[in-house]
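Participant: The structure that follows is given in the form of C-alpha cells.
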C-alpha cells in the first residue's frame with residue numbers, strides 16, 4: 001500500500017464497502033476473501049514522498065481485516081523518475097520503436113537478465 005492507493009480507495013477495506021453496495025455484505029466479504037486469499041502480508045511502502053506515519057493505522061487495519069502480516073518497506077521513486085525523464089536504461093525498461101509489437105518474451109528476457117546478468 002501507498003498513500004496514493006489509500007487516497008484512491010484501492011485497498012481491501014474500501015473495496016469491501018464498494019462491493020457491499022453492489023452485492024451485499026456477505027457476498028462482498030466472500031469476494032474480498034477470494035481476491036486476496038493468496039496474500040500473506042500487506043506492506044506499506046515508504047517511497048519518501050510522504051510521511052508513512054499518516055497511513056500506518058489505515059494500512060494496519062487492512063492487514064488485520066485480511067488476517068495477514070503487516071510490514072513497512074522502503075521504496076523508491078527512482079524508476080518513475082527515470083521513466084518521466086526519458087532515462088530508459090535497457091536493464092529496467094523495454095523501449096519499443098513505433099509500430100513494434102510487444103511480446104511476452106521481451107519481459108521474460110528482462111527478468112532473466114536481472115536474475116543472471118551477463119558477465
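Only the coordinates and a few stated rules stand behind these numbers; no lab work does. Since the model is a prediction, treat every value here as computed from it, not as a measurement. Neighbour counts are summed over all protein chains in view; Cβ atoms, including those assigned to glycine, are modelled from backbone coordinates with ideal geometry.
Participant: Can you name the residue in region 57-109 that is touching a strand residue (DSSP E or B) at 6+ places or on another chain (Cβ under 7 Å) and part of a loop (DSSP other than H, G, I, E, B) and, of all such residues, is nearest to residue 29 (Cα to Cα)?
Facilitator: 68
Participant: If a residue has to be loosely packed, with under 13 Cβ neighbours inside 10 Å and touching a helix residue (DSSP H, G or I) at 6+ places or on another chain (Cβ under 9 Å) to count, how many in region 38-47 make the cut?
Facilitator: The qualifying residues number 1.
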